[in-house]
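Participant: Following this message is one structure expressed as structure tokens.
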Amino acid sequence: MTKKGIVQRLRKWHKWPGIIISLIAIHFALSGIVMNHRPWVAGLEVSRKWLPDNYAYGNWDMAA
């Protein structure tokens, strides 16, 4: 196998894991920004009717 063929194969193998890892890194970065800058997203609210049942208040009188 020639050097050119090895480089092309390594480039192909390197491309897809790099894309996947970069998407994960972007996800972590964006979620970190949202978690560290809560006032930026404090005004956004989701109606309780759109949330699953386990997000409903179960014991409201006991300091929920």
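Participant: So, Ala64, is that one at pLDDT 85 or above, open to solvent by less than 100 Å² (accessible area, probe 1.4 Å) and either of a type in the set (A, V, I, L, M) or in a loop (DSSP other than H, G, I, E, B) (or both) or not?
Facilitator: When the stated conditions are applied, Ala64 does not pass them.
Participant: Among Val34, Val41, which is the only one that is touching a helix residue (DSSP H, G or I) at 6+ places or on another chain (Cβ under 8 Å), among the aliphatic types (A, V, I, L, M) and at pLDDT 85 or above?
Facilitator: Of the residues listed, the single one that is touching a helix residue (DSSP H, G or I) at 6+ places or on another chain (Cβ under 8 Å), among the aliphatic types (A, V, I, L, M) and at pLDDT 85 or above is Val34.
The values are calculated or read from the model by the stated rules, or taken from the named source; none is laboratory data. This is a predicted model, so every value here is computed, not measured. Note: ideal-geometry Cβ built from the backbone for every residue, glycine included; neighbour counts use all protein chains shown. Note: areas computed on protein heavy atoms with side chains; ligands, DNA, RNA excluded. Shrake-Rupley method; radii C 1.70, N 1.55, O 1.52, S 1.80 Å.
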